[in-house]
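The values are calculated or read from the model by the stated rules, or taken from the named source; none is laboratory data. Worth saying up front: this structure is predicted, and the values here are computed from it rather than measured. Quick reminder, even Gly has a Cβ in these numbers, built from the backbone with ideal geometry, and neighbours come from all protein chains shown. Please note that ligands, DNA and RNA were not included when accessible areas were found on the heavy atoms of the full protein model with its side chains. Shrake-Rupley method; radii C 1.70, N 1.55, O 1.52, S 1.80 Å.
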Amino acid sequence: MNSVLLETAVAPAPSLWEQILAVAVDIGWLILGVFGILVGALLLSWVLKLVIRRVVGRIVNGAKNKANVDDTQALDRSPLAAVRLVQRTRTLGSILQNIVNVTIVVVALMLIVNLLAPNALGSLTLLTAAVGAGLGFGAQNIVKDVLNGIFIVAEDQVGIGDVVDLGLATGIVEYVSVRVTNVRDVNGTLWYVRNGEILRIGNMSMGWSRVIVDLALPVGTDIGEVENTMMETMKDLAKDPKWRSRIIDKPEVWGLESVSGDGLVIRLVMKTRANAKDDVARELRMRVLNSVDEMGLTLPQLNSITLSGLEGAQRVRGANPPKTKPTTVTQPPPPERPVWRPKRTPKQAPETPQGSA
């Protein structure tokens, strides 16, 4: 029996250059994949931001067209809803852009890690769960900040450009992010306030504001004459072409607010637009001072006339009952009561006896 030896062909081992070329090709494909993920993420971010800007721009332009103005600064003369719509839309637009950026970055990083090390995500599952459980306690504040910030903007409590009092800082809102609200105070300091730490918000840019000027007078002053003079002064200010567009209601003199041995205090009130309160208050004080000088009155020391307690809280006029004029009520005359009188019978003539002459 003849045995046939079968020779098996053995493939030659690849050369060093071939190995280097294969590794270079694999690395090239990985780099190309990473580059494709980055380009796709940037392209998706650009498209979503473009859509957000288009939506925000359309809403803002719609508010401008309805108010028949060219810029958002002129919307102050339009109804309040248009101003708040523009501010809230821009704020929500900035928040949506931040959410888009964070989401796209996280997804792109996960895709890149999965491309470079396909088994890394599976092997890191338990480690990620353990780290996530540990960070969950520390991330409570972050989640609280994000949720509170979204609700603040969605409920129209704060908008970009508003003058607010957050308790922690007071000033103009320059930027509202998902987690932090930026407020610049009157000194120019920029405060970063976490949304989760905001417990109360005092918004001084919504609707209207009230200018309150407390005028201290010496004891013995004719209060009625001073009130009439101050009312004429405020009416002249309200009729001034420069200021009448900033004043939205008739001026009021609330009367005597404080009585002490050092002086008397009367309160002057004007209702203005929200963004014109300080300017109107300065002009009103200047005109009041000129009127006081013309009347020849000497103002007492301010430190002895400072209001405190409830009087210094600048009470809201709307909480008081309205003043009404007395009305004359015409009542019908009361019905006459019947008076009892005894019934009288007529007297009969005496009868004449028969047969008498």
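Choose one of ILE198, LEU215, LEU237: the residue whose Cα lies farthest towards the positive end of the charge dipole of region 189-238 (beta-carbon charges +1 Lys, Arg; -1 Asp, Glu; about the Cα centre).
ILE198
Ignoring ligands, DNA and RNA, what percent of the 1.4 Å accessible area of region 160-248 is carbon and sulfur?
Numbers: 2400 of 4670 Å².
Carbon plus sulfur share of accessible area: 51 percent.
Provide the FRET efficiency to the nearest 0.05 for the ALA129-VAL186 pair, computing r from the beta carbons and using R0 = 45 Å.
Numbers: r = 49 Å, r/R0 = 1.09.
Rounded to the nearest 0.05, the efficiency is 0.35.
Of all trypsin sites (Lys or Arg not before Pro) in region 196-239, which ones are in loop regions per DSSP and have a Cβ with at most 10 other Cβ atoms within 10 Å? Could the numbers behind the result be given before it?
Values: sites: ARG200, ARG210, LYS235, LYS239; in loops: ARG200.
Loop-located and lightly packed - ARG200.
So, with +1 on the Cβ of K and R and -1 on the Cβ of D and E, and no other charges, what is the size of the charge dipole of region 145-207 about its Cα centre, to the nearest 20 debye? List each step's numbers first, then the result.
Numbers: 4 positive and 8 negative charges, 25 e Å.
Charge dipole of region 145-207: 120 debye, to the nearest 20.
For labels at PHE151 and ASP262 in the simple 7 Å Cα→Cβ model, what's the distance in nm?
My value for the distance between the label points is 4.6 nm.
Expressed in nm to one decimal, what extension gain is obtained for the pair LEU299 and ALA22 from 0.36 nm per residue of sequence separation less their Cα-Cα distance?
Details: separation 277, 0.36 × 277 = 99.72 nm, distance 9.47 nm.
Gain on stretching LEU299 to ALA22: 90.2 nm.
Run the simple label-point estimate for LYS49 and ARG287 please: 7 Å along Cα→C-beta, distance reported in nm.
Placing both labels 7 Å beyond Cα along the Cβ direction yields 4.9 nm.
Given 20 °C and 1.002 mPa s, compute D for region 186-308 with the Stokes-Einstein relation, Rh being the Kirkwood radius over Cα pairs; round to the nearest whole µm²/s.
Here the translational diffusion coefficient equals 132 µm²/s.
Would you mind checking the radius of gyration and Dmax of region 223-280 based on alpha-carbon positions, in Å?
Taking only Cα atoms of region 223-280, I get Rg and Dmax of 12.9, 41 Å.
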